[in-house]
Amino acid sequence: MNTDLQPVEDINKNQSITEKKEHNTAIFEEGKMEEHNDNVSNSKRIAKNTMFLYLRMLLLMAISLYTSRVILNSLGEVDYGVYNVVGGVVAMFSMVSASLSSAISRFLTFELGKGDKNELNKVFSSSVSIQILLSALVIILAESVGLWFVNTQLVIPENRLFAANVCFQFSILTFVVNLISVPYNAVIIAHEKMSAFAYISILEGVGGLTIAILIDFNPFDKLVFYGLMLCLLALLVRFVYCSYCKRHFDECDYKFIFDFDLLKKMFGFAGWNTIGACSAILRDQGNSIIINLFFGPALNSALAIAQKVNASISSFIQNFLVALNPQITKSYASGNKNYMFSLVFQGSRLSFYMLLLLSMPIIFNANFILDIWLKNVPEHTVVFVQLILILAMSDSLSHTLVTSILANGNIKTYMLVVGGLQLLNLPINVILLYFGMSPYVIYIVAITLSQICLLARLLVLHKMMDLDVFKFAKSVYFNVLGVTLVASILPIISKIYFPYGWISFFVVSIVSLVSVFTVVFFIGCDTTEQDFVKNKIRRFIFK
C-alpha cells in the first residue's frame, strides 16, 4: 500500500518543490524588475534636476561674468585684489567647518536613503547645533589670529588698510551666516529639490549684479560698501533658504537634541575629513595668500579673475554633480552597489567631457576673450585662466570617486593618503616661489598632485569597495585622454591659421565645439550611450 502511494507522494513533493522554485524565481524577477524601474526613475530624476540647475547656471554665469567686469572696473586692480585676499583669509578658517559640513551632507543624504524620518530630524537638529558652536569658534579664531595676519603679514597699501579691516569684519559675518545655513542647503540637495535651489541661486546672482552696479553711485568708500552689501545679501539669501526648508520639509523643525552616539559618529567622520578639507582649502585659498606675499595685491587680482572664470565654467559639472551625488549616496545606503559604480564611472567621464567642451574654446581664445570681457586685463591672467581650467578637468575625474568614499563613511585611510598628498601643494609652492620660479608654478604643481591623488583614490576604493581599477582606467581615464588628444588636433590647426581677432574667436570656438562633441560621441561614448543620444535627437526633431 505504502509502496503504491510513494510515487504519488514523490510527485506531490516534486510539484511542491517546483512551485516553490517558480514562486522564488518570480519574486526574484519581480525584485530585479523593481530595481530596474527604480534605477530608471532615479536616472530620470537626475536628468530633470540637472536641467533645472543648468537653466539656473546659464543665467548665473552671464550675471557673474558681467558682475566681475563691473566690480574690477569700479574697484580697480588693487582694491579688487585686496578684497579677494582678505576674503581668502576668512575662508582659511573654513578648515574648522568644512569637514563637518561634509559630514552633515553625508549623514542627511544617507538617512534619507534609509527612509528613517525620526533619525533624519535628529541628524538635522544636531547639525544646526554643531554649526552654531562652530560659528562661535570661527569668530574667536578670525578676530585673533586672522586679524593679526591681515594687519601684519599681508601686503596691503597703507591707505587701504582701514578699508581692508572693515571688509574683513563683513567677511567674517558673511561666512558665519553661510555656515549656519549649511544644514538647510544640505536638506534641499538631499531631497533633490533642485528647482528651489535654482530659483534662490538666481536671486543671489541678481543681487550680486545689483550691488556691482551700485558701487559707483554710493557716497562711501567703494571697498567698504561692497563688503557691506555682500554681507546683507548673504543674510537675505539665507533667510529665504531657511524659510523654504521649514515650510516644505518636516525634519527642518529644529529641536535641541544631544545624542552622544550620533555626535560621536559625525565628529568621528568629520575628524578624519578635516585632513581633506584642510588640504583643499590650503591649495585654493593658500595660493591666494602666498601670491600676495610674493607678488602683492595686483597679482591677486589676476588670480581672482582666473578663479571666477573657473567657477563659472565648473558650475556646469557642479550642477550635474549636485543632481548625481545624492543618488550615489542613496544607492550605497540601499545596498545597490552595482548601480552606484555605474553612476560613479559615467559621472566621472561626463564631468570631464562637459568641462572639455566648455574649456577648449576658452583655452585657445583666452587672450582675446579677456581683452573683450575686461578691457584692462591684469598681467598673468591669460595663463592663470588656461592652467586653472586644465586643473579643473583633472579634478573632475575624481569627484564621483570622492562621493562614493564619503558614502561608505570609512574615510580614515583615504584622508591620510589623499589629504596628505594634497597638503604638499602649499610647502612645494612656497619653496619654488622662494627660489624665483614663475607664479604659474602654483597650478603646475596642483595639476601634478591632482593626477597622483586620482591614482591614490582608485587604490583606496579598490581596497574599500573592490572597485575595478583597470576597468576605470580603460572606460574612463584612457577614454578621456584619447578623446582630448584627438579633439585638440583641429582646434590647434585652426589657431595656427587664425591667431587673434573676431574671426579667430568664431572659427576656433566652432571648430573646438564640433570637434569635441563629435569625438566624444564616436570615441567617448559606448553603444548604449550613443543610442540614448540618437533617441533624444529623434524625439526632439519629431516634436
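The values are calculated or read from the model by the stated rules, or taken from the named source; none is laboratory data. A quick note: this is a predicted structure, and the numbers were derived from the prediction, not measured. Because the Cβ atoms are built from the backbone with ideal geometry, glycine has one as well, and the counts that use them run over all protein chains shown.
For this structure, a couple of remarks:
- Residue within the stretch 459-477 that is in contact with a Cys (Cβ under 9 Å, 6 or more places away or on another chain) and surrounded by 15 or more Cβ atoms within 10 Å (Cβ to Cβ) present: no
- Selection status of Ala163, part of a helix (DSSP H, G or I) and touching a His at 6+ places or on another chain (Cβ under 9 Å): no
- Residue that is in contact with a Leu (Cβ under 8 Å, 6 or more places away or on another chain), surrounded by fewer than 21 Cβ atoms within 10 Å (Cβ to Cβ), among the β-branched types (Val, Ile, Thr) and at negative phi, where the choices are Ile202, Ile213: Ile202
- Any hit, the stretch 505-525, residues being at positive phi and at pLDDT below 90: no
- Under the condition of being more than 14 Å from Leu423 (Cα to Cα) and either over 20 Å from the mean Cα position of the chain (by Cα) or surrounded by 16 or more Cβ atoms within 10 Å (Cβ to Cβ) (or both), the residues counted in the stretch 444-455 number 2.
- Take the conditions (1) surrounded by fewer than 13 Cβ atoms within 10 Å (Cβ to Cβ); (2) outside any loop (DSSP other than H, G, I, E, B); Gly482 misses just one of them, which is (1).
- Within the stretch 143-166, residues that are farther than 20 Å from Asp221 by Cβ reach no partner that is modelled with pLDDT of 80 or more and of a type in the set (Asp, Glu) with beta carbons closer than 8 Å at six or more positions or on different chains.
- Residue in the stretch 370-385 that is within 28 Å of Ala196 (Cβ to Cβ) and of a type in the set (Phe, Trp, Tyr) present: no
- All of (1) buried (at least 18 other Cβ atoms within 10 Å of the Cβ); (2) at pLDDT 70 or above hold for Trp272 with one exception: (2).
- Scan of the stretch 349-397 for residues that are within 15 Å of the chain's Cα centre (by Cα), surrounded by 21 or more Cβ atoms within 10 Å (Cβ to Cβ) and among the hydroxyl-bearing types (Ser, Thr, Tyr), ordered by number: Ser351, Ser396
- Index of the failed condition, Ile431 passing every other in (1) under 30 Å from Gly501 (Cβ atoms); (2) free of Cβ contacts under 8 Å to residues at least 40 places away in the same chain; (3) not acidic (Asp, Glu): (1)
- Taking (1) at pLDDT 80 or above; (2) crowded, with 20+ Cβ neighbours inside 10 Å; (3) more than 28 Å from Tyr199 (Cβ to Cβ) in turn, Ile411 satisfies each apart from (1).
- Condition check for Leu387: modelled with pLDDT of 90 or more and more than 30 Å from Val507 (Cα to Cα): no
- Enumerated helices (runs of 4 or more DSSP H) restricted to the stretch 397-469, each holding at least 2 residues that are within 30 Å of Met340 (Cβ to Cβ): 399-408, 441-465
- Residue in the stretch 95-106 that is surrounded by fewer than 19 Cβ atoms within 10 Å (Cβ to Cβ), of a type outside the set (A, V, I, L, M) and at pLDDT 65 or above present: no
- The sole residue among Leu374, Leu406 that is touching a Lys or Arg at 6+ places or on another chain (Cβ under 7 Å) and farther than 21 Å from Leu282 by Cβ is Leu374.
- Within the option set Asn300, Asn287, being part of a helix (DSSP H, G or I) and farther than 21 Å from Leu449 by Cβ holds for one residue only, Asn300.
- Cross-chain or 6+ apart pairs with Cβ under 8 Å, the stretch 517-530 first and under 15 Å from Phe352 (Cβ atoms) and surrounded by 12 or more Cβ atoms within 10 Å (Cβ to Cβ), then β-branched (Val, Ile, Thr) and modelled with pLDDT of 85 or more: Val519/Val483; Val519/Val486; Val520/Val483; Ile523/Val483; Ile523/Val486; Gly524/Val480; Gly524/Val483
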